[in-house]
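**Q** The structure that follows is given in the form of structure tokens.
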Amino acid sequence: MATLVIQTAFLGDVVLTTPLLSALAALHGPVDVVTTPVAAPLLETHPAVRTVIPYDKRGTDGGWGGMRTLARRLKGEGYARAYLPHRSLRTAALAFLARIPTRIGFAGGWSFLYTEARPKPRTGHETVRLMALADGASGVYPPQLRATPEDAEAAARLIEGPFVAIAPGSIWGSKRWPHYAQLAAQLGEHVAVVVVGGKDDVELGDQIVSAVEPSGRPAVNACGRLTLRESAALIWRANALVTNDSAPLHLATAMGTPVVALFGPTVTELGFGPVRAGDVALGIDGLQCRPCSSHGPPRCPLGHHRCMRELTVPAVFAAIEGLGALRRRD
Ligand code: SF4
């Protein structure tokens with residue numbers, strides 16, 4: 001009988017769940033996953049996943065009616081067990097309404113709806129904490145994702161040759177580093193630059209690309225022009241990715257691309273930093289207000305945003321140079 005995983009949290013959380021998926025697949029065979037429509041294409045090509053079931057919880061499947069409809073479908077599949085790495089009422093209720101006989105998740109919140117609640121480790125990287133649900137099985141670590149040859153072709157059409165990728169966006173405003181354009185101008189003296197992101201990042205991408213123009217080096221604003229998997233394929237081709245503490249950090253990890261990650265209102269100790277040796281996390285040490293929230297507020301509550309403003313372009317540039325990203329990557 002099949003195994004279901006319900007993970008409808010943010011995109012980065014879904015990527016960080018992939019080692020758990022492969023551990024569960026080692027135990028029970030490839031798993032079915034309920035996830036967001038945004039994250040679904042990333043899991044469709046994952047070898048631990050049998051079927052992806054998109055759940056548009058804030059759109060077409062929203063509300064009580066949408067949940068009941070999906071629960072009926074899941075019940076019809078006759079799953080033996082469900083793993084619930086995301087602590088939320090919606091997740092707990094969905095597995096409960098689907099009458100899945102074994103429902104395993106983390107203690108706290110709505111875990112009285114589970115049949116088995118396990119303590120979630122308070123420390124360590126999130127990928128490792130999630131493995132507490134894996135019954136001792138080990139998964140493919142760190143996270144890995146696969147793009148298709150078509151995704152790679154779409155990415156290759158945008159730029160040839162070596163480049164450094166920049167992911168300047170974040171849905172949390174206080175996590176956005178404000179100096180990407182200055183960094184890009186400096187990078188442009190050495191290497192081509194590609195900006196990755198969604199439709200909301202197009203304007204920011206244009207500003208960054210404009211800053212590279214005086215150097216004469218290629219600069220491409222890929223924001224909003226690629227699917228998520230194509231973006232992952234593009235990140236795979238980059239010498240390195242520079243990013244905030246946001247989903248592209250985890251995409252780069254999963255595609256094996258070196259990372260320089262910039263942490264402002266959050267800190268790596270929260271469990272969402274780089275996991276590979278050699279990757280770099282930068283942040284301002286000794287700033288008393290850090291971290292000010294687990295996700296990063298929309299704006300700096302103190303108004304000065306020192307955690308990001310004082311992270312300098314030379315420091316970030318040196319980290320990129322230290323990764324060897326200004327040399328050609330074979
Ligand atoms: S309060 Fe401190 S950590 Fe939070 S956004 Fe402002 S400067 Fe950054």
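The values are calculated or read from the model by the stated rules, or taken from the named source; none is laboratory data. Since the model is a prediction, treat every value here as computed from it, not as a measurement. When we count neighbours, we look across all protein chains shown, and the Cβ atoms used for this are built from the backbone with ideal geometry, even at glycine. These area figures cover heavy atoms from the full protein model, side chains too; ligands, DNA and RNA do not enter into them. Shrake-Rupley method; radii C 1.70, N 1.55, O 1.52, S 1.80 Å.
**Q** What accessible surface, in Å², does a 1.4 Å probe find on Cys300, ignoring ligands, DNA and RNA and rounding to the nearest 10?
**A** 40 Å²
**Q** Further, regarding this structure: Can you count the Lys pairs in the chain whose Cα atoms are under 26 Å apart, with each pair 8 or more apart or on different chains?
**A** Count of close lysine pairs: 6.
**Q** While we're looking at this one, here's another question. So if I place +1 on the C-beta of Lys and Arg and -1 on the C-beta of Asp and Glu, and nothing else carries charge, what would the dipole magnitude of the chain be about its Cα centre? I want it in debye, nearest 20.
**A** 1080 debye
**Q** What does the charge count around Lys75 come to, taking other residues whose C-beta lies under 12 Å from its C-beta (Lys +1, Arg +1, Asp -1, Glu -1)?
**A** Neighbourhood net charge equals +3.
**Q** Could you tell me the ratio Rg/Rh of the stretch 39-86? Both radii from Cα atoms, Rh via Kirkwood.
**A** When Rh is taken as the Kirkwood radius, the ratio is 0.98.
**Q** OK, next. Using bins 20 angstrom wide from zero, how does P(r) for the chain break down, in % of all Cα pairs?
**A** Reading the bins upward from 0: 31, 55, 13, 0.
**Q** With the chain treated as a Gaussian network of Cα nodes joined by springs under 10 Å, which of Gln186, Gln288, Gln144 yields the largest mean-square fluctuation?
**A** The residue that fluctuates most here is Gln288.
**Q** When the solvent-accessible surface of protein heavy atoms is calculated with a 1.4 angstrom probe, in what order do Val220, Val38 fall, highest first?
**A** Per-residue accessible area, sorted high to low, gives Val38, Val220.
**Q** Each label point is 7 Å from the Cα along the Cα-to-Cβ direction; what then is the distance between the points at Arg68 and Arg122, in nm?
**A** Between Arg68 and Arg122, the simple spin-label model gives 4.1 nm.
**Q** So, counting K/R as plus one and D/E as minus one, what does the shell of residues with Cβ under 14 Å around Leu302 add up to?
**A** +3
**Q** Stick to Cα atoms and the Kirkwood definition of Rh, then tell me Rg/Rh for the stretch 52-177.
**A** My calculation puts Rg/Rh at 1.06.
**Q** Moving to a separate point now. Between beta-carbons, use under 15 Å as the cut-off and find the net charge around Asn221, counting Lys and Arg +1, Asp and Glu -1.
**A** -2
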